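Report on the following structure.
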Amino acid sequence: MRRPILVCASALLLLPVTSRAQEPNDSKMGAKPPEGAVVLFDGKSLDGWVKSDGKSPAHWPIEDGAFTVAMKKGGIQTARKFGDIQLHVEFNVPLMPEAKGQARGNSGVYLDGTYEVQVLDSYGLKPQKNDCAAVYLQVAPRVNACKPPLQWQTYDITFHKAVLEGGKVTKKARVTIVHNGVTVIDDAEVGTTPGGVGTKEGEDGPIMLQDHGNAVQFRNIWVKPL
Ligand code: MG
């Protein structure tokens, strides 16, 4: 008599786990840098970041452990270049109810200086190739894992740069994106996207944050070379 009850209980326990895997969650919020990681922003200083000229100190304002895009003044990038990486970024898009589409909370995290992981207020939308967590115009997220604006969100990104043989790309770059704890892009091949710093495929490049004229905030950024 007891066995059917146990089976039912197990089935009930599995259901929420399955659906939760698609829902944004804070399992990666505040993730600590693992051994071998480079801290790119610890809440205090943008040392290690430069303006788009590649040398002047980064100028985006820091307050309360986060920094904000200095609008219409250009992106910032790491002084150091990276190849294959594991990257953690936390971001917060502003509330812009009057703005639409690409004008609503837009920034971007450029991998290798040239592959944009879109940052946008895409809350509640059907995923498209230009939405938040997309590799811009290349790969759409599998599901929409966005939170509403004004909430902190997480990216945990694994990137492998393109492979060159004899100066030619024989294997494209590959990206996995975990957005708010949900894997939305899984080891997808990607080509370069517009607006980067011009790194050639297969070369090392900086991590760049885009100034798209919106006051997006960032905090807790670290990168682990793989
Ligand atoms: Mg963007």
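What the table below lists for this structure:
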read-out	value
Number of the exception - Gln118 against (1) part of a strand (DSSP E or B); (2) more than 15 Å from the ligand (Cβ to nearest atom); (3) within 30 Å of Asp42 (Cβ to Cβ); (4) free of Cβ contacts under 8 Å to residues at least 40 places away in the same chain	(2)
Out of Thr170, Thr154, Thr183, Thr158, sole residue that is among the β-branched types (Val, Ile, Thr) and either assigned to a loop (DSSP other than H, G, I, E, B) or surrounded by fewer than 15 Cβ atoms within 10 Å (Cβ to Cβ) (or both)	Thr170
Residue match in segment 35-57 (condition: in contact with a Leu (Cβ under 8 Å, 6 or more places away or on another chain), on the phi < 0 side of the Ramachandran plot, of a type outside the set (Gly, Ala, Ser) and within 16 Å of the ligand (Cβ to nearest atom))	no
Options Ala188, Ala140, Ala145: the member that is touching a strand residue (DSSP E or B) at 6+ places or on another chain (Cβ under 6 Å) and either within 16 Å of the ligand (Cβ to nearest atom) or more than 24 Å from Asn92 (Cβ to Cβ) (or both)	Ala188
Enumeration of residues in segment 67-101 that are farther than 24 Å from Glu35 by Cα, surrounded by 16 or more Cβ atoms within 10 Å (Cβ to Cβ) and within 13 Å of the ligand (Cβ to nearest atom)	Val69, Gly75, Val93
Residue match in segment 122-129 (condition: in contact (Cβ under 8 Å) with a residue 24 or more places away in the chain, within 14 Å of the ligand (Cβ to nearest atom) and not polar (S, T, N, Q))	no
Hey, Leu150 touching a Ser or Thr at 6+ places or on another chain (Cβ under 9 Å) and touching a residue at least 40 places away in the same chain (Cβ under 8 Å) or not	no
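Bear in mind that the values in this text are calculations on the coordinates, not laboratory data. The model shown is predicted, which means the values in this text are computed figures rather than measured ones. Positions of Cβ are generated from backbone atoms using ideal geometry, with glycine treated the same way; all protein chains shown enter the neighbour counts.
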